[in-house]
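Right, one structure below, let's go through it.
The values are calculated or read from the model by the stated rules, or taken from the named source; none is laboratory data. In this text the structure is predicted, and so the values were computed from the model without any measurement. Cβ sites come from the backbone with ideal geometry, for glycine too, and all protein chains shown count toward neighbours.
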Amino acid sequence: MGVEVVVDGLSKSFGPQTIWRDVSLNLPQGEISVLLGPSGTGKSVFLKSLVGLLKPDEGKVVINGTDICTCSEKDLYEVRKLFGVLFQDGALFGSMNLYDNIAFPLREHTRKSESEIRNVVLEKMEMVGLIGAEDKLPGEISGGMKKRAGLARALVLDPEILLFDEPDSGLDPVRTAVQNQLIVDLNAQIDATFLIVTHDINTARTVPDNIGMLYRRNLVMFGPREVLLTSDEPVVVQFLNGRPDGPIGMSEEKDTALVEAELAKHGRPQVPPMMPQLEVSPGLPDRTAVHRRKDRVLRQLRSMNPSAQEEILKSLSSDELALYGFKSPTTGSWPQQQAVPQAPPQTAPAQAPQPAPAQPQQAAPAQPQQQMRPSPHPRQPEEESAWPGGLQAEEDSAGARRRWFGRKRGER
Ligand SMILES: Nc1ncnc2c1ncn2[C@@H]1O[C@H](COP(=O)(O)OP(=O)(O)OP(=O)(O)O)[C@@H](O)[C@H]1O
């Protein structure tokens, strides 16, 4: 199962150029998160910082209890083994065929025999739909195949965290859609924590469980897809809808007078309806992260905007609504006061409509503290296990805002 990545107060500059500052977010274990942002906002720098290829100036990146920003080289080497990275062009060795490219990390970093290596390589090539292309050289295949070969290579060491740097760059819309389905299917199969940097709006709307956005050297938001996709924050609406009018201009930040003139002419842009998230292909296992996420998101429901709450509640079956303490909808409308469950579902494991998530009593104590950003008022584990109402009901609004929208400058 994937591991959680906790990013706390991360800042990075190159000389006088601040790339981003005070970035805090948690990548929940096994979930798919997407990082968006205009060109040059430092998304690739962020990925490299997560894997320890770049050293941030301040802050922590904690993985399995190790802060990779301050740990020893030896510990960093161990933590890096948890990562698989898919670079934009697949980063394949041009002189090696696909089989040898994919086998490379196994030959370098393990003591597996050639027959064991063969089994792993063929298994991963099958997962990404490349069986039969073992002997091809990178120069003989399409960009999409190169990316899939890079993905197979990223998978051979069974990563618990998989980073994708613009996996859809240079792909046509159909291949992008096929690749998105592959990403969701892979997540179901390996249950690793995924972070995808992308510019593709369709990918952002349909693939992730969580979305974050970098803009003007800050993380403007990070949270469940429902929060970002229903947000009326101007930069988020503009970016997620690919609109020319809004605060983002050719050089990232537009002249304020121009933004105001656009607003006067077009009005505030409408937030379009949410697109459904891609489901796993038939015949594959369910994504267990979806079940874990349900518990996590429902605990935090109250800190979200009403539209996001509505979308989350709409995604629950009537069995789940009952299980989590909500009334079943009869009219299709969702009174907000129902958005707070009244009591923990004591009998959850036995009555769960789906296997993995429906164990709030078990799931909540597992890592509740780690799912949250550090709070000035940390709670004790025993308090947090009192799912579902207590956690959020007690949370101060500043804590809730920090969790979804990042910290304000200077705020700790
Ligand atoms: N090693 C480095 N040394 C100095 N500056 C760097 C280095 N790496 C990146 N930068 C600068 O950091 C900024 C952010 O770059 P980055 O590639 O992370 O942006 P991005 O958001 O991924 O952009 P895009 O969406 O266009 O790929 C750029 O101005 C870039 O020139």
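Values computed for the structure shown
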| read-out | value |
| --- | --- |
| Condition met for THR41 (more than 30 Å from ILE190 (Cα to Cα) and either surrounded by 22 or more Cβ atoms within 10 Å (Cβ to Cβ) or touching a Leu at 6+ places or on another chain (Cβ under 9 Å) (or both)) | yes |
| Residue ID - nearest to PHE239 (Cα to Cα), chosen from residues in segment 31-54 that are in contact with an Asp or Glu (Cβ under 6 Å, 6 or more places away or on another chain) and more than 14 Å from the ligand (Cβ to nearest atom) | ILE32 |
| Long-range neighbours under 7 Å by Cβ, at least six apart or interchain, first residue surrounded by fewer than 17 Cβ atoms within 10 Å (Cβ to Cβ) within segment 274-289, second at pLDDT 90 or above and of a type in the set (A, V, I, L, M, F, W, C) | LEU284/ALA188; PRO285/ALA188; ASP286/ALA188; ASP286/VAL280 |
| One residue from ARG148, ARG205 being of a type in the set (Lys, Arg), at pLDDT below 95 and assigned by TED's automatic domain parsing to the domain that holds ASN64 | ARG205 |
| Test: residue in segment 69-77 that is polar (S, T, N, Q) and either within 16 Å of the ligand (Cβ to nearest atom) or in contact with a His (Cβ under 7 Å, 6 or more places away or on another chain) (or both) | no |
| Residue within segment 15-30 that is under 26 Å from ARG205 (Cα atoms), within 13 Å of the chain's Cα centre (by Cα) and either among the charged types (D, E, K, R) or within 15 Å of the ligand (Cβ to nearest atom) (or both) present | no |
| Filter pass, VAL51 being under 19 Å from the mean Cα position of the chain (by Cα), crowded, with 18+ Cβ neighbours inside 10 Å, at pLDDT below 95 and among the β-branched types (Val, Ile, Thr) | yes |
| Check on ASN101, surrounded by fewer than 16 Cβ atoms within 10 Å (Cβ to Cβ), polar (S, T, N, Q), in a helix (DSSP H, G or I) and at negative phi | no |
| Single condition PHE87 does not satisfy, out of (1) at pLDDT 95 or above; (2) within 14 Å of the ligand (Cβ to nearest atom); (3) under 26 Å from LEU186 (Cβ atoms) | (1) |
| Any pair with Cβ under 6 angstrom, 6 or more apart, that starts in segment 71-84 at a residue that is farther than 17 Å from GLY30 by Cα and ends at one that is surrounded by 15 or more Cβ atoms within 10 Å (Cβ to Cβ) | ASP75/THR66; LEU76/GLY52; LEU76/ILE68 |
| Which listed residue is closer than 22 Å to ILE312 by Cα and in contact (Cβ under 8 Å) with a residue 40 or more places away in the chain, from VAL197, VAL207 | VAL207 |
| Residue in segment 230-239 that is at pLDDT 90 or above and of a type in the set (Val, Ile, Thr) present | yes |
| Helices (runs of 4 or more DSSP H) fully within segment 145-256 counting 3 or more residues that are surrounded by fewer than 23 Cβ atoms within 10 Å (Cβ to Cβ) | 173-190, 201-206, 234-240 |
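Condition check ((1) over 12 Å from the mean Cα position of the chain (by Cα); (2) of a type in the set (Phe, Trp, Tyr); (3) within 27 Å of SER307 (Cβ to Cβ)) across all residues:
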residue: GLU160; (1), (2), (3): yes, no, no
residue: ILE190; (1), (2), (3): yes, no, no
residue: THR198; (1), (2), (3): no, no, yes
residue: ASP209; (1), (2), (3): no, no, yes
residue: ASN218; (1), (2), (3): yes, no, yes
residue: VAL227; (1), (2), (3): yes, no, yes
